[in-house]
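Following: one structure in structure tokens, then a few remarks.
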């Protein structure tokens, strides 16, 4: 039984290695041409860069929003479990969760991640 499992595993590893090798050999791209990789503007050279600069501030605000959104989504079901749990344990867990949420918000505010004007 062990011999069958080992031989099948070895066969699958060899087969997957062959497929990956064939894919890498067949997918070689031709040399990159400057004209083909540049943006097209009616046949003329572009006046400015086609790429817009990425706003790191916007990305940080979006990540902070997602983190706090997930935390709120985890906090909302606590209302549903209130009747089936002890009031002391429920309030302890809820307050602990809110303290972590407020400390995270204070840390982000203190680091200046929420200042959009800079």
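For region 50-58, state whether one or more residues are within 25 Å of the chain's Cα centre (by Cα), within 29 Å of residue 115 (Cβ to Cβ) and at pLDDT 80 or above. For region 50-58, residues within 25 Å of the chain's Cα centre (by Cα), within 29 Å of residue 115 (Cβ to Cβ) and at pLDDT 80 or above: present. Taking first residues from region 1-15 that are in contact (Cβ under 8 Å) with a residue 60 or more places away in the chain and partners that are loosely packed, with under 10 Cβ neighbours inside 10 Å, no Cβ contact under 8 Å between residues at least 6 apart in sequence or on separate chains turns up. For region 21-41, the criterion of a residue being surrounded by 10 or more Cβ atoms within 10 Å (Cβ to Cβ) and either at pLDDT 75 or above or in a helix (DSSP H, G or I) (or both) is satisfied by at least one position. When every residue of region 67-81 is checked against the conditions, at least one turns out to be at pLDDT 85 or above and assigned to a loop (DSSP other than H, G, I, E, B). Residue count for region 84-118, restricted to those that are outside any loop (DSSP other than H, G, I, E, B), at pLDDT below 85 and surrounded by fewer than 10 Cβ atoms within 10 Å (Cβ to Cβ): 0.
The values are calculated or read from the model by the stated rules, or taken from the named source; none is laboratory data. Note that this is a predicted model, so its numbers are computed, not measured. Methodologically, a virtual Cβ is constructed for each residue, glycine included, from the backbone with ideal geometry; neighbour enumeration extends over all protein chains shown.
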